Amino acid sequence: MLQALPRFASRYSVPSAVVLALAAMLLMVAVAWAVLAAGWVVQGGGGAVVVAVAATAEASLLAQARVARIVTVALAPVLALAAIVPTTLGAMPYDGDGTLGHTVARYAGALLGGINSSSDWAFTVGLCGVLWLTGYWLGWMALRERQGVLGVLPLYAILATNVVNSHNPNAVALPEGIAVALSLVVIAATHLDAVESRWGVSAVHALPRTRTRFAATVVVAVAALTAASLLIPPATTGDISARFFPGSKPGTGNGGIGAATIEFNPGTIPGGALVSHPVQVLTYSTDTAEPVYLRVVDDTQFVNGNWYPDEGGEQLASGLTHGGIRFPSGTLPRDLSAAGGAGMAASATVHADMTAQPGATGSTSFGLFTGEPLSSDHAGIVFGIGPSSHNGPLYTVEDVELTEGGSSTIHVKTSALVSTATEDQLRNAGRSYPAFVQHYTRLPDDGAHQSATIAELAAQWTQGTTNAYDAATAIESHLRDPRFFQYTLSPPAPPSGVWPIVYFLTQSHRGYCQYFASAMGAMLRSLGIPTRLVSGYGPGTPEGTTGGRQGARQQVVTTSDAHTWVEAFFPGYGWIPFEPTPPSVQGIFTPFPRGEAAVTGVANSGSSATPAPANTKPGFNDPIPAAGLTVNGGTAASPAVVTGIVAGAIVALLGAYVLWLLLPRSPRGAWLRLEIVGGLRGARRRPAETHREYAERFGARFPRAATPARDLAALLARGEFSAAGADTASRRRALAEWRRIAAGVPSQLLGRLDRSRARRRLRG
Amino acid sequence: MSARVPVIACVAVLAFFAGITGVRLAYTLAYVLLLLLVVSFVWSRALARRIKVTRTSPQGTYMVGEPFAETFTAHNGSVLRLPYCEVRDRSPIEGYAPGRAFSLAGGRSVSWTARGVFRSRGRHHFGPLEARLGDPFGLFPKRVVLAGETEVLVYPAVFPVPSLVPQWTGSSLADVRRGRPVDVPPDVSTIRDYQPTDGLSRIHWRSTARTGQLMSRVFDTGQNADLLVILDLQRGTHAGSGAESSLEYAVSLAASICHAGLRRAQAVGLVTNDRFGSAFGAGRGETQRLRILEYLAIAADSGHVPLAETVRRHGEGWRGRGAVIVITSNRNPAWVEALVDASTPGQRHLCVFVEPTSFGATGHALRVPAAWRLALDWWLVRRGDVLGDGTAISAAG
């Protein structure tokens, strides 16, 4: 086939610039595909591919039009917006304000910081910005500057960031492999374009089929390089990034860089190690006898083992939509009727009075509620599921964004409903779920049947239960049982391609709240029970009593109190919380009391009515690994080892450089080294300096090497100016002269050192 | 900045992050760039040592306008495929582009023939050849000098000037008949049997001894009086550049006139006022022709002696011996006066004036007064005149 390629290509020849532009566009498609395959965007994101291709096409056209660099830079913002806005505007979640200024502000925020956002839309816009920039750079560098390597290297930064933070490396392997291969193709095509341009200038005619033979060579080389790089095993398989990058953002998944600090995160992404550096984020008091959990954001979308807030991308039943409604201070626009909304037949209103520090809820100022959000004394936007007309109240609320706060301390009073349904009521609630909770039962699989594994475990753990409540408490109890699951902030990393919660449920049995909550939520959904996760804060620690309200206590909440728990929907009683996380040094997490005890705390003993689990449970085929296990079953290198390897590599490189310096192979090489040595001592060769002149200057600097330097200069000049070049004898003599120089220079340097020491001694 | 540096930096960063995260794909990214560096380096070095290019270049002497051809053969002695190789010739031959680019499988050869035309006189070098090759990614380009150089001498263009002789044979047939002295004795063209009317001085004794009978020499009666060509090579006289300069026209005219005279068995001498004061005494035959042409091939307007002085110096000694032909672009009338002074009654000299203004020189074109026309023969040559066409030259005059 390779033999046929040149014949085919020579018959259907296309300009090299077109080939190069196409290769660059394909490369950008592969990079965008790799990023999207990593699952950073839960819904949508396809526009990023379009933006990436458009950026490359725009830059390619400008390069071919021979537009000046300054014009290209000046046009960049306009072209970027022309590509990004049309592809992302339709997916912008409605937040109750559709004014132009607000939309521009949202775009500006998303372009600048969207890549760190948990919002799908903001992330997509940020990603589009990054891809547009790299695509524009690639197109320009490849087609105009003819610097293929410089053009593709930013893409390697994207690919590397993508893979080291990816939750599912298997999913990105194919696009990353294609992107790597295409990057090599782009480098080669750019080089061909550059040399063809040079040929045109210097009247060098290419013989027939030169291009196509070059292309065939590149295909073989790229295939071999890509295959070899894929086949070479990794030097290490353990993740020790936490020891190098402590305190990075939480929620990074498998292989993420660094140990995250515990703090609030809207998404629930069971990831790597966490460290606790508590920083006070808010204080609050309630009118209940007991401290309460503070809900911030609901995670309702389950994707590849992780939970994310709904950005409006999920397909809902007819007549329903996800959106936001602006509200003034006061009662939230939500439907609490039993028929249409999350009716709570048995509930109590709990008021909270809190002072939140900047950043308490991340970059967005979310409202904090002690239960189902009911009212707020600050205006904002309430997000959730409501009628598709955007006119009616919401059936369920998933988060509340306040118009104040965020970057400043905010004092806010909220009220919420806390269910007081008893266990019996919940057991008898039945399964007649309203339409708006249907999508809370979705448990999409990834093709590796990992959802099926979860469902199988859930079925085994809930054997013998007859209602949703008993099933939920069985799972909750099982996860809380210290004989089977342990709380740890340093969970072992799962093997490549395995969901962290599946690894947690089947192998490691060690994790923190995100593992426990994610696992329980997925198991409940596998049983058909509408479930969502709640990201917020645990109760915190009491600071003291206040005089503002009888019985109220001031609680102090820190970043380390960030917590995730589970809520299941029970018809007539609404969302009922469950606590699958066992007690630990991070918090004495106890099951939520039912009935009146939910607000009075009378029955809040931490015990559950659910019988204790049996000694053994289905699904526990392997013993719980002991502490200090080998991470991921791989070879975990310590920081010292890695530092040693890096230091060794540097020493090896230095050694190779010294060897290279000492062993020239031609008179020109010997001269080059002489210039390097001279440059190190501050005697750089001047532009118009002849060999002889420089040798004289070098000799003045290094008297012992003066004669061989002069001889070397003479030999080199003779070789360079003779038609036949240097003969063998001259070459040998030149190398011998270099050896004399190399022998003389260090001793002189050492001599200088000795003299300076002697001078210091004399002075001393 | 070389493309290798950012790649090396990228490999280092990727290797670090791959090492601390243990992610296989991160290693793959680091590996692919590392392999790219290693493979490119080895590939380039292996090819640079194994590529060989041979050429068969023209040798000897040529004349401006003559075509030539060179054959090149490139051989890839490596087992590796040569992605591209750009062979360039450093020879400064105008309009000649023998450089080719090709791609070659391991152990294969490719040949091509480059054709060109010598467009300027002088010593021309073919080579050395330079090859630029490297890995397909351009990370380690190599430049190697592949073959030595050869040299050819290119004479100035020589055009037929058949109409020249009748007009400027200063020592005309009448002079010969009158027994005017001729410096160079007539050449012997052949021998024949002795006839009783032949004088003893005419006997060719060597042939007589060999044949055993008296043999007489036969003189070439076609020969004529001597010609002295004075070529003005004073610096700053000529205008224009390259092939379209008055210098090249003048040199070509000098070569053509000398060539024509020598082919007609005249004794021709050449005098110039270049910085060496190069002069060739009158002589006949192929040797003289080649001497003059070889000089004219490399002649340059490097002199400082004014043309008038040269004419005066050499014209005085030439008085009455034959015609003087002055080829110049000098508009200073001093040399005309010197040439007129060098004439003897009945002797007419020829002025070949290459009009410098037609080659871009400033000032007015030369106006030839009637007195000059009466005293001397004149040809005026302008840029674009077809030198090979005698009618054009005559018309110019």
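Coordinate-derived values only; no laboratory data. Computed from a predicted structure; not experimentally measured. Glycine also receives a Cβ, built like all others from the backbone with ideal geometry; neighbour counts cover every protein chain displayed.
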Choose one of B:ALA279, B:LEU133, B:VAL117: the residue whose Cα lies farthest towards the positive end of the charge dipole of chain B (beta-carbon charges +1 Lys, Arg; -1 Asp, Glu; about the Cα centre). B:LEU133
Can you sort A:VAL437, A:VAL279, A:VAL49, A:VAL152 from fewest to most other Cβ atoms within 10 Å of each residue's own Cβ? A:VAL279, A:VAL49, A:VAL437, A:VAL152
Whole-angstrom gap from segment A:137-162 to segment A:32-79, using each part's C-alpha centre: 12
Per residue of chain B, what 222 nm ellipticity follows from adding -39500 (n - 2.57) for every DSSP H run with n ≥ 4, rounded to the nearest 500? -10000 deg cm²/dmol
Cα-only Debye scattering, segment A:135-178: base-10 log of I(q)/I(0) at q = 0.26 Å⁻¹: -0.84
Stretchable slack from B:VAL386 to B:LEU200, in nm (0.36 nm times residue separation minus alpha-carbon distance): 61.9 nm
At R0 = 30 Å, FRET efficiency that the Cβ-Cβ distance of A:LEU75 and A:THR103 yields, to 0.05: 0.85
Relative contact order (%) - criterion: Cα under 8 Å, at least six apart; region: chain B: 13
Result row for chain B, helices from DSSP H with C-alpha axial extent 15 Å or more and mean Kyte hydropathy at least 0.0, is B:4-21, B:24-50, B:246-263, B:285-298
One finds the C-alpha centres of segment B:50-110 and segment A:97-124 to be spaced, in Å, by 61
Does segment A:363-465 come out rounded, prolate or oblate by the C-alpha gyration tensor, with a ≥ b ≥ c the root eigenvalues, rounded set by a/c under 1.5 and, if not, prolate when a/b is larger than b/c and oblate if not? prolate
Along the dipole axis of segment A:417-520 (charges at Cβ: +1 for Lys and Arg, -1 for Asp and Glu; origin at the Cα centre), the most positive-end residue among A:PHE436, A:ASN467, A:ALA493 is A:ALA493
Order of A:THR283, A:THR124 under a 10 Å beta carbon neighbour criterion, fewest first: A:THR283, A:THR124
Rounded, prolate or oblate for segment B:224-341? Axes are the square roots of the Cα gyration tensor eigenvalues, ordered a ≥ b ≥ c, and the cut-off for rounded is a/c under 1.5. oblate
If you average over every viewing direction, what projected area does the convex hull of the Cα atoms of chain B give, in nm²? 30.0
Burial ordering of A:LEU61, B:LEU374, fewest other beta-carbon atoms within 10 Å first: B:LEU374, A:LEU61
Suppose R0 equals 45 Å; then what is the FRET efficiency for A:ALA435 and A:TRP660 from their Cβ-Cβ distance, rounded to the nearest 0.05? 0.05
